[in-house]
Number of protein chains: 2
Amino acid sequence: MTIAFDGTHYAGWQFQLSGLAVQQCVETALKALFPGSLGVHGCSRTDAGVHALGLVAHADVPREEFRIPIRKLILALNAHLPEDIRVQKVSRCPQDFHAQYQAHSKEYRYQVWNHPGMNPLLIARAWHVAKTLDLVSMRRAAALFVGKKDFRSFACNHDQFIENTVRTLTRCQIQKRGHLLTFVIEGNGFLYKMCRSIVGTLVQVGLGRYTPADVEAMFEKRDRESAGMSAPAEGLTLWKVSYRAESKKELEQSAKNAKLCSTWKGTRE
Amino acid sequence: MTIAFDGTHYAGWQFQLSGLAVQQCVETALKALFPGSLGVHGCSRTDAGVHALGLVAHADVPREEFRIPIRKLILALNAHLPEDIRVQKVSRCPQDFHAQYQAHSKEYRYQVWNHPGMNPLLIARAWHVAKTLDLVSMRRAAALFVGKKDFRSFACNHDQFIENTVRTLTRCQIQKRGHLLTFVIEGNGFLYKMCRSIVGTLVQVGLGRYTPADVEAMFEKRDRESAGMSAPAEGLTLWKVSYRAESKKELEQSAKNAKLCSTWKGTRE
């Protein structure tokens, strides 16, 4: 399933004691259609307030309960979901597909509205930064995040005991369209709050608090305290998750086979 | 003033008995700073639920109450406004400037999300059209709206007794970006609900309900009943209002003079 949601009113994707999680809503919807389904596994956690347009999740559904054509599943699932969570795509996948472990890369986008007056149509969608930002310095610093690096300084304290904090970013760009800045961050994996630490640090570069050279030094220090602030959750959206070409090919082949073999019970197309 | 607002919770720009109007909020904010100010005049009405990013409004403020530098007015006004209404720009204008009568052209944008699953980040920002649209036909029909035409068939019934229903559109284009269609409609003036009738009709062309030839016939009939449906308010945004070059030049000159001559009372920069 590819799932989009407005994260404003949720405690994030994953089950939390602190509030309702998106995962919980999707599981409830799935259970309504397939009582024997065994939970939903998402490609990644997202924090409270963070949005998604392309979160991928998988679920195991008993074959005998599969009485609905897959093309009608989007409507059926959405009928059981709140308006701010929408399933956008559903397809069959190979038995061993795992939304998290087989994810090849993820793309996040972060929006900043940079103008003295906030854009009221971007409330809960973008971070409002009123002061003028130096985009040249920000882009110079953004380039420093690309490549295979130790991101320990940009991971939340919780993650300080994680052994491997090396990740590879393939893209860290800042697009400008009028007063709207969009940070496009793509990589093979992300530590807890890593995206928001990168954006927060880059905005502080834009405000003159740090120079690009300071950012290089932050990587050396391997300490969260050395880096900049975390940008607020509401500007962040999990944009797209990509899977390896082989697993995609497998996926399509498997979906094709499923289409050829399956006989729909109960429903006629 | 250039004003942006999320129209979701308002009865439109202009004073209404049916609910709170944006104009009312802006007047209250202005009165808080300038008790002697004489009302706010907007460039156009907008319907309940319609948004704005570039609505222009003017107000007369007594010279003796003008104790705040104009560059600080944005923050001061926004401090007295609800979060979903934001003043984006303030400048001095010539005594005879009128936001409505001197407007040269207006640009509206209308968003349609065209996919079986709604984008939850566009709730109250876009019209959700689940069925596939024929963009080629829609664009062919959209071109028919450009030029000096009698738009009587595309005005709400209220306006049937208006004498002159001839308006000139300079642009009626449909941009596509993924599943998002953006209608860009620009013209010298708009009748009541004209934008929404145009978009509603074009979407019905996309659904196969009308052909571009039917749209030509609608113009001939000069009757609202002959045209297509009105698109819902939430997809529409008043994007930009332009003023004649002379009045803009005057405006800048006047602002310059004001800056040179004025002495701020009470506040030091």
Members of the range B:127-158 that are within 14 Å of chain A (Cβ to nearest Cβ) and either among the hydroxyl-bearing types (S, T, Y) or in contact with a Leu (Cβ under 7 Å, 6 or more places away or on another chain) (or both): B:K131, B:T132
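Filter the range A:1-16 down to the residues that are surrounded by fewer than 17 Cβ atoms within 10 Å (Cβ to Cβ) and either without any contact (Cβ under 8 Å) to a residue 60 or more places away in the chain or within 14 Å of the chain's Cα centre (by Cα) (or both) and list them by number.
As a first pass, look at the range A:1-16 and keep what is surrounded by fewer than 17 Cβ atoms within 10 Å (Cβ to Cβ): A:9, A:14-16.
Selection gives A:Q14, A:F15, A:Q16.
Tell me which residues, restricted to the range A:94-121, are over 22 Å from A:Q14 (Cα atoms), in contact (Cβ under 8 Å) with a residue 40 or more places away in the chain and not assigned by TED's automatic domain parsing to the domain that holds A:L180. Talk me through it step by step, then tell me what you get.
Of the range A:94-121, the ones over 22 Å from A:Q14 (Cα atoms) are A:94-95, A:111-121.
Then drop every residue that is not in contact (Cβ under 8 Å) with a residue 40 or more places away in the chain, which leaves A:94, A:111-115, A:119.
A:P94, the sole residue that qualifies.
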Odd one out for A:A57, checked against (1) more than 10 Å from every other protein chain (Cβ to nearest Cβ); (2) surrounded by fewer than 17 Cβ atoms within 10 Å (Cβ to Cβ): (2)
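Yes or no: the range A:63-85 includes at least one residue that is charged (D, E, K, R) and assigned by TED's automatic domain parsing to the domain that holds A:G200.
Applying the first criterion (charged (D, E, K, R)) to the range A:63-85 yields A:63-65, A:67, A:71-72, A:83-84.
Filter once more, so that each one left must be assigned by TED's automatic domain parsing to the domain that holds A:G200: none.
No, there is no match, as no residue in the range A:63-85 is charged (D, E, K, R) and assigned by TED's automatic domain parsing to the domain that holds A:G200.
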Flag for B:L55 being at pLDDT below 95 and either within 29 Å of B:P94 (Cβ to Cβ) or of a type in the set (A, V, I, L, M) (or both): no
Search result, residues across the range A:93-121 that are within 12 Å of chain B (Cβ to nearest Cβ) and part of a loop (DSSP other than H, G, I, E, B): A:H115, A:P116, A:G117, A:M118, A:N119
Residue in the range A:243-251 that is among the polar types (S, T, N, Q), in contact with a helix residue (DSSP H, G or I) (Cβ under 8 Å, 6 or more places away or on another chain) and modelled with pLDDT under 95 present: no
Counted residues, the range B:60-80 - those being over 16 Å from B:F5 (Cα atoms), of a type in the set (A, V, I, L, M, F, W, C) and either loosely packed, with under 14 Cβ neighbours inside 10 Å or within 12 Å of another protein chain (Cβ to nearest Cβ) (or both): 2
Those residues of the range B:115-131 which are surrounded by fewer than 18 Cβ atoms within 10 Å (Cβ to Cβ) and either farther than 20 Å from B:R196 by Cα or in contact with an Asp or Glu (Cβ under 6 Å, 6 or more places away or on another chain) (or both), in sequence order: B:A124
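Within the range A:214-227, can one find any residue that is under 18 Å from A:N114 (Cα atoms), assigned to a loop (DSSP other than H, G, I, E, B) and either of a type in the set (S, T, Y) or not assigned by TED's automatic domain parsing to the domain that holds A:C93 (or both)? Lay out the reasoning, then the answer.
Residues of the range A:214-227 under 18 Å from A:N114 (Cα atoms): none.
No.
Yes/no per residue for (1) touching a helix residue (DSSP H, G or I) at 6+ places or on another chain (Cβ under 9 Å); (2) assigned by TED's automatic domain parsing to the domain that holds A:T132; (3) among the hydrophobic types (A, V, I, L, M, F, W, C); (4) buried (at least 16 other Cβ atoms within 10 Å of the Cβ):
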| residue | (1), (2), (3), (4) |
| --- | --- |
| A:A143 | yes, yes, yes, no |
| A:V146 | no, yes, yes, yes |
| A:H179 | no, yes, no, yes |
| A:N188 | no, yes, no, no |
Residue in the range A:84-92 that is crowded, with 20+ Cβ neighbours inside 10 Å and either more than 10 Å from every other protein chain (Cβ to nearest Cβ) or over 30 Å from A:P62 (Cβ atoms) (or both) present: no
Qualifying position, being under 12 Å from B:L81 (Cβ atoms) and either part of a loop (DSSP other than H, G, I, E, B) or away from chain A (no Cβ under 14 Å) (or both), among B:T28, B:T46: B:T28
Test: residue in the range A:167-175 that is in contact with an Asp or Glu (Cβ under 8 Å, 6 or more places away or on another chain), surrounded by fewer than 16 Cβ atoms within 10 Å (Cβ to Cβ) and more than 30 Å from B:A130 (Cβ to Cβ): yes
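Among the residues of the range A:190-207, is any in contact with a Pro (Cβ under 8 Å, 6 or more places away or on another chain), surrounded by 12 or more Cβ atoms within 10 Å (Cβ to Cβ), in contact (Cβ under 8 Å) with a residue 12 or more places away in the chain and among the hydrophobic types (A, V, I, L, M, F, W, C)?
Filtering the range A:190-207 down to residues in contact with a Pro (Cβ under 8 Å, 6 or more places away or on another chain) leaves A:196, A:205.
Among the residues that remain, those that are also surrounded by 12 or more Cβ atoms within 10 Å (Cβ to Cβ) are: A:196, A:205.
Filter once more, so that each one left must be in contact (Cβ under 8 Å) with a residue 12 or more places away in the chain: A:196, A:205.
Restricting the remaining residues to those that are among the hydrophobic types (A, V, I, L, M, F, W, C) gives A:205.
Yes, that holds for at least one residue.
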Members of the range B:92-129 that are of a type outside the set (A, V, I, L, M, F, W, C) and farther than 30 Å from A:F5 by Cα: B:R92, B:P94, B:Q95, B:D96, B:H98, B:Q100, B:Y101, B:Q102, B:H104, B:S105, B:K106, B:E107
Some residue of the range A:9-20 being closer than 22 Å to B:H128 by Cβ and either among the basic types (K, R) or not in a loop (DSSP other than H, G, I, E, B) (or both): yes
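Just need a number here: residues in the range A:228-245 that are part of a helix (DSSP H, G or I) and among the small types (G, A, S). Please lay out each step first, then the result.
Taking the range A:228-245 as the starting set, the residues that turn out to be part of a helix (DSSP H, G or I) are A:233-235, A:245.
This time we only want the ones that are among the small types (G, A, S), so: A:233, A:235, A:245.
Selection size over the range A:228-245: 3.
The values are calculated or read from the model by the stated rules, or taken from the named source; none is laboratory data. Treat the numbers as computed from the prediction; the structure is a model and nothing was measured. Virtual Cβ from ideal backbone geometry, glycine too; neighbours counted across all protein chains shown.
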